[in-house]
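Chemist: One structure follows; several queries about it will come next.
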């Protein structure tokens, strides 16, 4: 018990003092996760909107595939991307392996189905009569789509927040594609795993406190925007 309290106290002091190594790790995590979320959102929101708004052959299969990808393990994504960007892979000449770009690629693949699926759910909640009313009032197809998008905006924002919450806490992709290089690709989760293996818990606990704080804030935002979709 004393060991736990001492570690917690030391970790708290580390957080308060803004230890340079800890700050760098947090910055790398936020940079990679934010970039991945932005890219996944720019791709996933249009995909989700198109699938929900349009009728086309195979729509149910597409939705089923997206739902299946929600449970795709991070190690599978890591292996898949590694095969492409390793020196003998198709993208080997780009020298992406063990860089932040590689982590962004893997994390984008991880959360793209989350953004797309949650966007589909947000658009699907909009009453069909809303779309028909807009068209009856003279709105063209594009204007109708914009109107529906505005009505579903809180659900779409919730999708983006949920994706960021998922990617900030993942460890498999970051470890396999980033290599956990100090000051370059070391994230909060990979640093926690490393410090645990070394038996040095202070930094790991400090990063855990920060990660819990971020997760709590993300969940508050997520539930806030979820609540707005029900208004």
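The values are calculated or read from the model by the stated rules, or taken from the named source; none is laboratory data. Bear in mind that the values here come from a model prediction, so they are computed numbers and not experimental data. So basically every Cβ, Gly included, is an ideal-geometry build from the backbone, and we count neighbours across all protein chains shown.
Chemist: I need the helices (runs of 4 or more DSSP H) fully contained in the range 90-190, keeping only those with at least 1 residues that are touching a residue at least 24 places away in the same chain (Cβ under 8 Å) and surrounded by fewer than 19 Cβ atoms within 10 Å (Cβ to Cβ). Explain how you work it out, then say what you get.
Modeler: On the way: elements: 100-124, 128-136, 141-151, 153-168.
Hits in the range 90-190: 100-124, 141-151, 153-168.
Chemist: Determine whether residue 77 is in contact with a helix residue (DSSP H, G or I) (Cβ under 8 Å, 6 or more places away or on another chain) and more than 27 Å from residue 196 (Cβ to Cβ).
Modeler: When the stated conditions are applied, residue 77 does not pass them.
Chemist: Next up: Any residue in the range 6-23 that is closer than 30 Å to residue 154 by Cβ, without any contact (Cβ under 8 Å) to a residue 24 or more places away in the chain, out of contact with any strand residue (DSSP E or B) (no Cβ under 7 Å at 6 or more places or on another chain) and part of a helix (DSSP H, G or I)?
Modeler: No, the range 6-23 has no match at all.
Chemist: Another question, if that's okay. In the set 40, 71, which member is outside any helix (DSSP H, G or I) and either within 30 Å of residue 148 (Cα to Cα) or in contact (Cβ under 8 Å) with a residue 24 or more places away in the chain (or both)? Full working, then the answer.
Modeler: On the way: 40 fails: outside any helix (DSSP H, G or I).
The conditions single out 71.
Chemist: Still on this model: Hey, can you tell me all the residues within the range 182-210 that are closer than 27 Å to residue 80 by Cα and modelled with pLDDT of 90 or more?
Modeler: Within the range 182-210, 184, 185, 186, 187, 188, 189, 190, 191, 192 qualify.
Chemist: Looking at the range 191-203 only, could you name the residues that are assigned to a helix (DSSP H, G or I) and free of Cβ contacts under 8 Å to residues at least 40 places away in the same chain?
Modeler: Matches in the range 191-203: 192, 193, 194, 195, 196, 197, 198.
Here's the yes/no breakdown for (1) free of Cβ contacts under 8 Å to residues at least 60 places away in the same chain; (2) in a helix (DSSP H, G or I); (3) closer than 19 Å to residue 175 by Cα:
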| position | (1), (2), (3) |
| --- | --- |
| 46 | yes, yes, no |
| 55 | yes, no, no |
| 61 | yes, yes, no |
| 80 | yes, yes, yes |
| 83 | yes, yes, yes |
| 88 | yes, no, no |
